[in-house]
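Please treat every number below as a calculation from the coordinates, not as lab data. From a predicted model like this one, the values you see are computed outputs, not experimental measurements. Heads up, the Cβs are rebuilt from the backbone with ideal geometry, glycines too, and the neighbour counts pull from every protein chain shown.
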Amino acid sequence: MFFQVAFSETVRESSNTRKGEFKLYRYEKNKLSKHNPDPFSIMREKLQRNLRGYEAFYQEMKKFNNVPRVEIFGYNSVREVPNANIPENSADIIITSPPYGDSHTTVAYGQYSRLSSEWLGLKENDVDRDSMGGRIHKDRETFNCEELDYSIGVIKERNEKRAREVISFYDDLEKSISNVSKVVKDEGYSCYVIANRKVSNVELPSHLAVKCFFENNGFEHAYTFIRNIPNKRMPRMNSPSNIAGEKSETMTKEYIVVMRKT
């Protein structure tokens, strides 16, 4: 795994795709003729950097009387959180950042990971389709969350198809939060980092949706912190309406929604 992480980063830096993008865009011809990376040197640099970071982290961990233990499990929280791995009412705190919900115009997780996934033999995984909202749901209209339902209603008036995609995402997010809620202890906390994207030029109140979904699962709102997004790999402007020439600024702020289980 140590080598695979460095290799994955090397693939992205060595490829002929433009840097600073989530989507795959090949360099223009004039830039491509000057693009001549040395993958072996890049890989060596990544490995040395990561090794230094690992050694520094290891030295810090040795200072603890009880060294923290890490276990990694792979599952889709929309379907379940396996109690064999994480029992119900066992977690003091959950900290995560769910997908923002749009691979078409905003954060193309599948395209971003495609090249390294192919090299590492993971191509059979359809990241975008398996992510939240990747499969269209046709049997849901509202969420009993006033601000979210209003925004979806406006989008639906402008673009039925985009509204259905939005509904599918929040339906999956709600199911995931329901499953995650079960493993948090009473008086435990959940911290979700989320940003509000735009669809059809309508800003979706994802931070309020997260708050609403947790409240429906026995949590109370503790606090919401707002911060500027520190590193924007996504483009500064995009087309949330999917109409050529219509541009809008992408997400610039993140909301850290803190909920406490009562």
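Odds and ends about this structure:
- Restricting the trypsin sites (Lys or Arg not before Pro) of the range 1-105 to loop positions (DSSP other than H, G, I, E, B) with no more than 16 neighbouring Cβ atoms within 10 Å leaves Arg18, Lys19, Lys34, Lys62, Lys63, Arg69, Arg79.
- In loop segments of the range 49-96 as defined by DSSP, the GluC sites (Glu not before Pro) with at most 16 further C-beta atoms inside 10 Å of their C-beta are Glu71, Glu80, Glu88.
- Qualifying chymotrypsin sites (Phe, Trp or Tyr not before Pro) for the range 1-85 [loop in DSSP, other Cβ within 10 Å: at most 15]: Tyr25, Tyr27, Phe64, Phe73, Tyr75
- Residue separation of Glu80 and Asn65 scaled by 0.36 nm, minus their Cα-Cα distance, works out to 2.0 nm of gained length.
- Under 5 Å between amide hydrogens, built in the peptide plane, is the criterion, and for Ile94 it picks out Tyr189, Ser190, Cys191 among residues at least 5 positions away or on other chains.
- Count Lys and Arg as plus one, Asp and Glu as minus one, and take only other residues whose Cβ is under 12 Å from that of Tyr150; the net charge is then -4.
- Gain on full extension, evaluated as 0.36 nm per residue between Glu118 and Arg227 minus their Cα-Cα distance, stands at 35.8 nm.
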